[in-house]
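Colleague: One structure is given below, represented as structure tokens, and several questions about it will come after.
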């Protein structure tokens, strides 16, 4: 009998029914977690949302680990020697056939435990930016501002810079930019932009509002920085500040800078 | 003597539930009965209490203490009390400027304030002097500057939500003196206050729990004279300690967040009568020393307002804006919010359907006092700025 055959129990002794039950139960629990937690997060007060959502990947990991721990002794003859043999075979397989998959898988487990990002975070990985809606074992799913779903393998964790806007908090800083002709009263504009932010209905009034001013060769760049109550409203918040900021600046007779567009000349 | 014996007999009758048929026939007390068993509270006592609190300020000559502020949440009647106090003293009572005036700068309104420095002025709605708009804060800023520097005595009342917002945005709490506020009405005070209201016009009502027949209040008529003679700060609480507070009253006080008008409105909502009692009172067939039994719905059977199922960002923001401004017209809401007319109207219709919002004088939307506890809890849970009450 080969070593591999000796690892396994006699096929007649394997409790297939029990294995099937464990798989079905684990699958059902995974589906339940994926359905229930987002539902609870939606129905609960918003301040609980970012506490509930990140629990999902952890629960999924525990369910899968529990299923594996239950099934393995049903298939393999338990002994230290045989376990070492099994791990050796597994490692070789991973090394040659599934190294990319395994890398993402391991990165997924590290993600769940270290939490560089969690469900509900707004992150940027490379060119992709969006809200984390699900953390699988191999990929993370982002919903982009244009409502597209982006799947990014976790292995990107090893070699990419990941920017996280909110790190588990509900609110994160939003910036509205204004580009103005240099001839204006900067103090007045700064004060007015601050008032634009503090009178926005989306504003988290407990977080600071700041107006950063940069003088450029072409004019003055104002960055109005503030925090919305809920990060999901960040685009509405930025739009609100921009629209009302433009109206307020127009009332002050402040002229915006218009970018010149270079029009390509025709061959004639 | 006979009347007193009758009242004691009524109070001591144990577990007097309505008869089987009557139980099902209990109906909400009609308006004329509500106006006798739970009449509108008289502001006079509040005005008198305010007068006592302002006694020292009234005679002050210190220009640094020329401004006095009273802050209260919805349902505390602070603004009406201050206005009534000003009228009693025959001082000018100045209402807030219109939204248009605020946005335009309010210069004429401010000039109006700079009158006779010897006569105090009353502004009962300081919270109406701003708009949460980028052009709506400048006027309040100038008003606060004037109040800081003026020698004229000014009595101001401000809604607690406006105060909370202005404290964050304009630091009004640093520019004006620490405000006065009303103590909350807890179970012990309610235990005293509600039966006092019922007996204000000589009404003779016994309030019983419709679930178990027990008397809601343990106070007998013979205690009334003692209470009135000894009514002073601290007495109500002592009486409440001695008499004990029933669960129904505790729940009412807690749900109302200590706000008297909210407690009063929910108290009226709880009152029910049998058809026989209703007829007898209407026809006046009973002798004057007889007591009428009014049944009080158990708290658990009340349909408390809840947020609508489809409550999204628009509805939440509309509610919060109405709280910050103590109500607003549709036009003002469209000015202050980044939503279209139809979105705002749809949200308002939803909220009216849930009894959370009502329209006053045909044009001004307000959060109802019935719905205020639920609304406040909801906006707080959603992370919006709330007041300190």
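Colleague: Among the residues that make up the stretch B:56-68, is at least one of them touching a helix residue (DSSP H, G or I) at 6+ places or on another chain (Cβ under 8 Å), closer than 22 Å to residue B:326 by Cβ and in contact (Cβ under 8 Å) with a residue 60 or more places away in the chain?
Modeller: Yes: one or more hits.
Colleague: Can you tell me which condition residue B:149 does not meet? The list is (1) exposed (fewer than 14 other Cβ atoms within 10 Å of the Cβ); (2) within 26 Å of residue B:320 (Cα to Cα); (3) without any contact (Cβ under 8 Å) to a residue 24 or more places away in the chain, and all the others hold.
Modeller: Single failed check for residue B:149: (2).
Colleague: Still on this structure, I have one more. Select from the stretch B:359-389 the residues that are more than 24 Å from residue B:173 (Cβ to Cβ), surrounded by 17 or more Cβ atoms within 10 Å (Cβ to Cβ) and more than 14 Å from chain A (Cβ to nearest Cβ) and list them in ascending order.
Modeller: B:365, B:366, B:368, B:369, B:370, B:371, B:373
Colleague: Answer yes or no: is there a residue in the stretch B:264-274 that is in contact (Cβ under 8 Å) with a residue 24 or more places away in the chain, away from every other protein chain (no Cβ under 14 Å) and assigned to a loop (DSSP other than H, G, I, E, B).
Modeller: Checked against the condition, which is being in contact (Cβ under 8 Å) with a residue 24 or more places away in the chain, away from every other protein chain (no Cβ under 14 Å) and assigned to a loop (DSSP other than H, G, I, E, B), the stretch B:264-274 yields at least one hit.
Colleague: Here is a follow-up. Any idea how many residues of the stretch B:51-76 are under 25 Å from the mean Cα position of the chain (by Cα) and either assigned by TED's automatic domain parsing to the domain that holds residue B:367 or outside any helix (DSSP H, G or I) (or both)?
Modeller: Qualifying residue count for the region: 11.
Matching residues to (1) within 14 Å of chain A (Cβ to nearest Cβ); (2) under 30 Å from residue B:246 (Cα atoms):
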| residue | (1), (2) |
| --- | --- |
| B:166 | yes, no |
| B:171 | yes, no |
| B:175 | no, no |
| B:178 | no, no |
| B:183 | no, yes |
| B:191 | no, yes |
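Colleague: Would you be able to say whether some residue in the stretch B:312-319 is surrounded by fewer than 18 Cβ atoms within 10 Å (Cβ to Cβ), away from every other protein chain (no Cβ under 14 Å) and either at negative phi or assigned to a loop (DSSP other than H, G, I, E, B) (or both)?
Modeller: No, because not a single residue in the stretch B:312-319 is surrounded by fewer than 18 Cβ atoms within 10 Å (Cβ to Cβ), away from every other protein chain (no Cβ under 14 Å) and either at negative phi or assigned to a loop (DSSP other than H, G, I, E, B) (or both).
Colleague: Report whether or not residue A:245 is touching a strand residue (DSSP E or B) at 6+ places or on another chain (Cβ under 7 Å) and modelled with pLDDT under 95.
Modeller: In short, no.
Colleague: Sort out which residues of the stretch A:218-239 are under 23 Å from the mean Cα position of the chain (by Cα), away from chain B (no Cβ under 11 Å) and either in a strand (DSSP E or B) or surrounded by fewer than 18 Cβ atoms within 10 Å (Cβ to Cβ) (or both), and write them in order of number.
Modeller: Listed by number, the residues that qualify are A:225, A:226, A:235.
Colleague: Given the conditions (1) more than 20 Å from residue A:235 (Cα to Cα); (2) touching a helix residue (DSSP H, G or I) at 6+ places or on another chain (Cβ under 8 Å); (3) surrounded by fewer than 21 Cβ atoms within 10 Å (Cβ to Cβ), report the number of the one that residue B:342 does not fulfil.
Modeller: Residue B:342 satisfies every listed condition except (2).
Colleague: Please verify whether residue B:350 is assigned to a helix (DSSP H, G or I), touching a helix residue (DSSP H, G or I) at 6+ places or on another chain (Cβ under 8 Å) and either without any contact (Cβ under 8 Å) to a residue 40 or more places away in the chain or more than 14 Å from chain A (Cβ to nearest Cβ) (or both), treating the condition exactly as stated.
Modeller: The answer is yes for residue B:350.
The values are calculated or read from the model by the stated rules, or taken from the named source; none is laboratory data. Since this is a predicted model, take the numbers as computed values, not measurements. Reconstructed Cβ throughout: ideal geometry from the backbone, glycine too, with neighbour counts over all protein chains shown.
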